[in-house]
1. Loop-only trypsin sites (Lys or Arg not before Pro) in the stretch 69-110, please: DSSP not H, G, I, E or B, and at most 11 other Cβ atoms within 10 Å.
2. Among the listed pairs Lys112/Lys173; Lys81/Lys173; Lys78/Lys173; Lys90/Lys139; Lys90/Lys112, which are separated by more than 25 Å between their Cα atoms?
3. Between Thr150 and Glu170, 0.36 nm times their residue separation minus their Cα-Cα distance comes to what?
4. Could you work out how much longer the chain between Ile54 and Gln127 gets when fully extended? Use 0.36 nm per residue separation minus the Cα distance between them, nm to one decimal.
5. For the stretch 63-152, which GluC sites (Glu not before Pro) pass both filters: DSSP loop (anything but H, G, I, E, B) and at most 16 other C-beta atoms within 10 Å?
6. Percent relative contact order of the stretch 72-184, based on C-alpha pairs within less than 8 angstrom and at least six residues apart?
7. Using a cut-off of 13 Å between beta-carbons, work out the net charge of the residues near Arg64 (Lys and Arg +1, Asp and Glu -1, Arg64 not included).
8. Answer with one residue from Val160, Asn117, Trp136: the one whose Cα lies farthest towards the positive end of the charge dipole of the stretch 72-184, charges on Cβ with Lys, Arg +1 and Asp, Glu -1.
Amino acid sequence: MSDFKSELGFQDCWSSSANKELNKPAGGSVGGGTRKPKAGAEQPDRSAAQAQTISAADKARLARVVNGAPEVMVKVSKPAKNDKSGNPIKVSRASETVRASEHLAYISRNGKIEVENDRGETFSGRQQVGVIYREWMEKHDEDRREGSATDRTRITTSIVFSMPGTANAEAVKDAVRALARQEFQGR
């Protein structure tokens, strides 16, 4: 008996009239579309896989995908290890100061776009965005004094949320706030 579980395919999970079409062999395959099993290889028990049930949450997610519901992509990017010249970046308080400053300048488009902090306060303009920068640096210095951070601790993490242009902007902001509160509050 194999230790590997047979994975359920989409057609195994979804019961619809389209399922009958999905289970037909693809046309135009070379050699008649059948593959001979390797000698000694176990065949997955598809009837056992089909007998497994799928949760209501998974069925709902599949229904959203099938119906073309808009999806959001979340990307957490790693900090660069090398600069543009290929030299290794040495993480220090000085380099993090520059990174945090450039990060805030970028996301605020040099103060032209409003920025919101974790308490829901909004800042616009370069001078006001500088308040967030100073707060971040003071918190970083405080964490270093308490021993929960070092000079080499990164201050920022870049997370990008991509969604269709038709998405409700306020709903997206609310979802991002909830995620940030859940994942990063107090850190």
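1. Lys81, Lys84, Lys90, Arg109
2. Lys81/Lys173; Lys90/Lys112
3. Answer, rounded to one decimal: 3.5 nm.
4. Extra length available between Ile54 and Gln127 comes to 20.9 nm.
5. Glu71, Glu114, Glu121
6. This gives 35 percent for the stretch 72-184.
7. Its environment carries a net charge of 0.
8. Projecting each Cα onto the dipole axis, the largest value belongs to Val160.
Just so you know, all these numbers are worked out from the coordinates, no wet-lab data involved. Note that the coordinates shown come from a computational prediction; the quantities given were computed from them, not determined experimentally. FYI the Cβ positions are ideal-geometry reconstructions off the backbone, even for glycines, and counts take in every protein chain you see.
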